[in-house]
Every structure is written in structure tokens, then in C-alpha cells.
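Comments concern the structure below.
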Amino acid sequence: MNASKERANRLVGQRASRHVVIIGGGFGGLACAIELGNAPDTDVTVIDRRNHNLFQPLLYQVATAALSPADIAEPIRKTLARFKNTNMIMAEVVGVDPPRHSVVLSDGGSLSYDKLVIATGSEYNYFGHEGWRTFAPGLKSIHEARQIRHRLLLAFERADRAKSETEKQAFLTSIVIGGGPTGVEMAGAISELGRFMISRDFRNLQPDNLRVILVEAGPRILAAFPEHLSEYARSYLEKIGVEVRTATRVLDIREEGAEIEGEFVPAGSIIWGAGVKASPAHSWLRIAGVAGGRIPVDEYLRVQGLDDIYAIGDTSAIAGADGKFLPGLAQVAKQQGIYLGRNLRSGKAVSGFKFKNRGNTAVIGRNAAVFDFGKWTMKGRAAWLLWALVHVYLLINFEKRLLVAVQWIGRYLTRQRGARIIDETAEETDVARHITAAGGAGKTSADRPRS
């Protein structure tokens, strides 16, 4: 059945149900779907290429073996099962046909809509170097987090059997690119994980062998935070052994390491957190994206010129009270999803969307975090405790909150990481084959034979 017939059939009857299609099951899309749950005369379909909702702010803890993927993810169907008017489709959207009120899927199918909500989020921006993605994964999916964890843990095992100090140092070097919250959190977590494991579990390694380098092209890390919080973060990271390099650019990334301002640094793991860009949803609508590909919307989150299509979260561009575009934060997406869901449910919008800033935060390490509430700030242990409370509260349900809270308490008391399992059948990163003893550490893969 084609899209027009499907839509016509759905509208037949004494009480026609409108069909709201939501593309994306992240913070914004899921919040919107929940608000529309069991709404009268409304059918809701959520489309996502993954079957699960993911709490991305804690994904770095999966990458550093503190949590398992199931702790921060839940099937979308399970979350929405209590709403009889809501369905979920696991599919990939590749286009939108506004004149036909139709969404085009990658398998050739289509789905008609009366109202369309685009909540497709963002992806990492490699600034024209897409080949780097293979060697320096970001943190946007469970697959990437597992890949990073695999490389990190495997690098320690390889280092334990290294035949030279140079080879050992290369395996125990991690490079984190990008000094935003993700980069800072990853650098701190890797340093703490490595030093604990080396001190407790590895007989042939010393804590001094560990090297974590955080590279930021701008003049300071955590640039979105006040300068005194940025300085606090830098000081703490350096205290726990992280090399913080600001005003420094990465020129190349290869299998065996990265070239940083002309210096090649062999590394066992490289993590990308240098910037994001919106999903390509603006191209589906054949409109020009702004601010990294975002879709411009009006005060009601409606796509300009398309009355039946809305965009929320990281893929939308709307100015805040300061005149700047709202940042791509979970709290922005969730507030927009709730606002839009309520408006679609009632059929009217009394006033435009107003973002209420609940504070911006980043955790740096054990007992250390920063919080920026605009008019006032926090740092240190108090900010760390507040960070933990907020993130537990924001998890999808009580079960996840309890599970994560219990694990965090146990981890705090014992310093143990419970998810340190290496899948021996996973594809090797090739890094191990390219980090060699002195004399070969700086060569490219083309310069030396493969085993």
C-alpha cells in the first residue's frame, strides 16, 4: 500500500485519527512520544534505526568499563509498551516527501504522516577527515563505546607482554581529542581506570607507564564553562596524570597513533570528541542547514515554511534568551520534546518554547566535577555528588536508576570496574600489529609488513 492510500484509509471513518510520526528515539523523540501516549484520536509511530533508547551522557562509563551497555539503554518498545496508541518501527529514514506527507525508508518502504517530528540528533564531525573515524571512534553509540573499551583493555594486555619499554609505552598511551565535556570525562576516566588496574592487577607494569593525552585546538578545555571552572578542570586532570595540550591541533590519525602539531605519538587507543554536527535531516527537506546542519525552526519548533513538520533537539536551531542557538544538550532536547508533545496533544500552542537552563555539568574524576548554573557555579566533591544525583534521576526508569546507583556506590567503595570483559572474538584494532619496538613506532602501515 502506498503512502497516499495508507493515509486515506486511516482517515476514513466517523472519527478520523491523526498520525504523528516521530523520527528518532533519543531524549527529545521519546519525551514527545510519552507526552502523546494514549492521546485521544492520535496514532503515534516512532522510527529509529536502533531498537533502544541510549543515555549518552553515561556512555563514557561503558567505554571505561564502569557500566555495562544494558545499564544505560532500554528497548524503545519496552518504554512505550504502556501506550496503546503508540508503535515503534526499527528502520532507517532516508528522506521526507512534504507534499505527499510521507517518510521514505531505506528499504524502499514509506510511511505517511499528518504531523512529523524530526528528532534525529547529531553525529561526530571529523571536519573532512572521515577516514579518521576508523582509528578514533567517538561516543555516540553502544558499538563505539564497546569498541573503545575493547581497545583500552586489550592495550593493557598487550603492554603486559611487550618486549621493550618503547612498545610498552606505546600501548599504554591514550589520546583523547577534544576538550569538551566528553573529552574531559574520558581522559579522567581512562587515567583513573589505568592507574588502578596497573597498581592492582598487572605485575609487569608500573603506573608511570600510563600516558593519557587530552588535545584541544582551542585556548582552553571546557570552553562553554566559566574560565575558573576550566582552570579547575585542567588542574585536576594534570593532578591525576593527564597531559592537557591546549591550542594544539591534531594533523593526522593513523592506525598506530596520531600526529600532534608535527610530533607523531604512538598510541594504543585514540578517542574522538572534538565536535559534532547535526544529522543530515535538513537535506531531506531540501532546505539549507544552519549552525552545523541544524534545521531552522520558529518559536513553536515548527520548521520554517512547513506547518506540519517540527524539529527538536540537536537537529533543530532555535535561539535562546541570549540570542544564541540553544546548545545540543540532553536537557534541551527533553524540554523541547515535552513541550511539543503537549502542544500536539492539545492541538494548540499557548506560547512559544522557552528553555529553562538546569545547569551545565562535566565530571572530571573521582570526587571532582564542575557545574555551571549561569548566575552561580559549583566545583569539587559537592558538584560531583550533584552530578551523580542528576544523572541517576535522568535515567529512563526506576530499575535503571537503582541499578546504576548501587553499582556506583560499590565502585566508589572498592574502585573496582565490573565490566572489564574482553571479547576474544571481536575484530582486532590492528593497533597491536603496528605498534612495534623502537625504530618502528613512527612508521605508517605501508612501511612495514603485516603478520
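The values are calculated or read from the model by the stated rules, or taken from the named source; none is laboratory data. The model shown is predicted, which means the values in this text are computed figures rather than measured ones. Note that we place each Cβ from the backbone using ideal geometry, even for glycine, and neighbour counts take in every protein chain shown.
Quick notes on this one:
- Only a single item in (1) surrounded by 20 or more Cβ atoms within 10 Å (Cβ to Cβ); (2) closer than 23 Å to Ala73 by Cα; (3) touching a Ser or Thr at 6+ places or on another chain (Cβ under 9 Å); (4) not hydroxyl-bearing (Ser, Thr, Tyr) is not met by Leu386, and it is number (1).
- Selection within segment 328-345 - farther than 22 Å from Leu116 by Cβ and touching a strand residue (DSSP E or B) at 6+ places or on another chain (Cβ under 8 Å): Leu329
- Segment 291-323, residues that are part of a loop (DSSP other than H, G, I, E, B) and among the aromatic types (Phe, Trp, Tyr): Tyr300
- Qualifying residue in segment 111-123 (condition: small (Gly, Ala, Ser), modelled with pLDDT of 95 or more and over 23 Å from Ala223 (Cβ atoms)): yes
- Selection count where residues are small (Gly, Ala, Ser) and outside any helix (DSSP H, G or I), scope segment 123-146: 4
- Matching residues in segment 299-320 - criterion: being over 21 Å from the mean Cα position of the chain (by Cα) and closer than 19 Å to Tyr113 by Cβ: Tyr300, Leu301, Arg302, Val303, Gln304, Gly305, Leu306, Asp307, Asp308, Ile309, Tyr310
- Ser174 assigned to a helix (DSSP H, G or I), touching a residue at least 40 places away in the same chain (Cβ under 8 Å) and crowded, with 21+ Cβ neighbours inside 10 Å: no
- Test for Arg234: is it buried (at least 21 other Cβ atoms within 10 Å of the Cβ), out of contact with any helix residue (DSSP H, G or I) (no Cβ under 8 Å at 6 or more places or on another chain) and charged (D, E, K, R): yes
- So Lys375, is it under 30 Å from Arg411 (Cβ atoms) and either surrounded by fewer than 20 Cβ atoms within 10 Å (Cβ to Cβ) or not aliphatic (A, V, I, L, M) (or both): no
- Filtering segment 324-344 for residues that are outside any helix (DSSP H, G or I), under 25 Å from Lys78 (Cα atoms) and in contact (Cβ under 8 Å) with a residue 24 or more places away in the chain leaves a non-empty set.
- Filter result for Gly328 (touching a helix residue (DSSP H, G or I) at 6+ places or on another chain (Cβ under 6 Å), within 20 Å of Ile177 (Cα to Cα) and outside the structural domain of Phe156 (by TED's automatic domain parsing)): yes
- Ala189 being within 20 Å of the chain's Cα centre (by Cα) and surrounded by 24 or more Cβ atoms within 10 Å (Cβ to Cβ): yes
- Some residue of segment 32-43 being in a strand (DSSP E or B) and modelled with pLDDT of 95 or more: yes
- If you go through segment 75-98 and keep only what is in a strand (DSSP E or B) and crowded, with 21+ Cβ neighbours inside 10 Å, you end up with Thr86, Met88, Val93, Val96.
- Of all the numbered requirements in (1) touching an Asp or Glu at 6+ places or on another chain (Cβ under 9 Å); (2) modelled with pLDDT of 90 or more, Thr315 misses one, and that requirement is (1).
- Some residue of segment 253-276 being closer than 30 Å to Val103 by Cβ and not acidic (Asp, Glu): yes
- Within segment 404-414, restricting attention to residues that are farther than 12 Å from Leu58 by Cβ and touching a residue at least 24 places away in the same chain (Cβ under 8 Å), the residue that is surrounded by the fewest Cβ atoms within 10 Å (Cβ to Cβ) is Tyr412.
- Selection status of Asp308, charged (D, E, K, R), crowded, with 16+ Cβ neighbours inside 10 Å and in contact (Cβ under 8 Å) with a residue 24 or more places away in the chain: no
- Selected residue [modelled with pLDDT of 95 or more, in contact with a Phe, Trp or Tyr (Cβ under 7 Å, 6 or more places away or on another chain) and either aliphatic (A, V, I, L, M) or in a helix (DSSP H, G or I) (or both)] from Glu185, Glu231, Glu238: Glu185
- Of all the residues in segment 214-228, those that are closer than 15 Å to Gly365 by Cα and part of a strand (DSSP E or B) number 1.
- Residue match in segment 134-146 (condition: surrounded by fewer than 16 Cβ atoms within 10 Å (Cβ to Cβ) and on the phi < 0 side of the Ramachandran plot): yes
- Index of the failed condition, Thr248 passing every other in (1) in contact with a helix residue (DSSP H, G or I) (Cβ under 8 Å, 6 or more places away or on another chain); (2) assigned to a loop (DSSP other than H, G, I, E, B); (3) of a type in the set (S, T, N, Q): (1)
- Residue pairs meeting the criteria (Cβ under 6 Å; at least 6 apart or on separate chains; first over 19 Å from Gly293 (Cα atoms), in segment 105-132; second among the basic types (Lys, Arg) and in a strand (DSSP E or B)): Asp114/Arg18
- Filter result for the condition that a residue is among the small types (Gly, Ala, Ser), in contact with a Lys or Arg (Cβ under 8 Å, 6 or more places away or on another chain) and touching a residue at least 40 places away in the same chain (Cβ under 8 Å), over Ala145, Ala66, Ala136: Ala66
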